[in-house]
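Quick notes on the structure that follows.
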Amino acid sequence: MEYVALIILIFVVLVLFYGSIAIHDIPYEIAKKRNHPHLDVLHVAGWVSLFTLHAIWPFLWIWA
């Protein structure tokens, strides 16, 4: 039974990790689809928003 709990725990951690990566790339993907001139800045700012507790993330959505 402990092995099942461990597998579920590992699965949840992996889903949260890759889910956060996918969510923070959404403004970049929007900008890429619209051929935004500041594509690289939006991509870097998406990762910087992880360290600023997502304070700049709404501005990235507007900018994209």
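Below is a table of values for the structure above.
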| read-out | value |
| --- | --- |
| Options Ala22, Ala31: the member that is closer than 13 Å to Ile62 by Cα and aliphatic (A, V, I, L, M) | Ala31 |
| Hits in the range 23-43 (condition: part of a helix (DSSP H, G or I) and loosely packed, with under 10 Cβ neighbours inside 10 Å) | Lys33 |
| Close pairs from the range 32-48: first in contact (Cβ under 8 Å) with a residue 24 or more places away in the chain, partner outside any helix (DSSP H, G or I), Cβ under 9 Å, at least 6 apart | Arg34/Ala64; His36/Ala64 |
| Single residue of Phe17, Phe59 found to be of a type in the set (A, V, I, L, M, F, W, C), at pLDDT 90 or above and surrounded by 11 or more Cβ atoms within 10 Å (Cβ to Cβ) | Phe59 |
| The range 2-20 residues that are free of Cβ contacts under 8 Å to residues at least 40 places away in the same chain and under 24 Å from Val48 (Cα atoms), paired with ones that are surrounded by 10 or more Cβ atoms within 10 Å (Cβ to Cβ) and of a type in the set (Gly, Ala, Ser) (beta carbon under 8 Å, 6 or more apart) | none |
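The values are calculated or read from the model by the stated rules, or taken from the named source; none is laboratory data. Just so it is clear, the model here is predicted, and its values are computed rather than measured. Because the Cβ atoms are built from the backbone with ideal geometry, glycine has one as well, and the counts that use them run over all protein chains shown.
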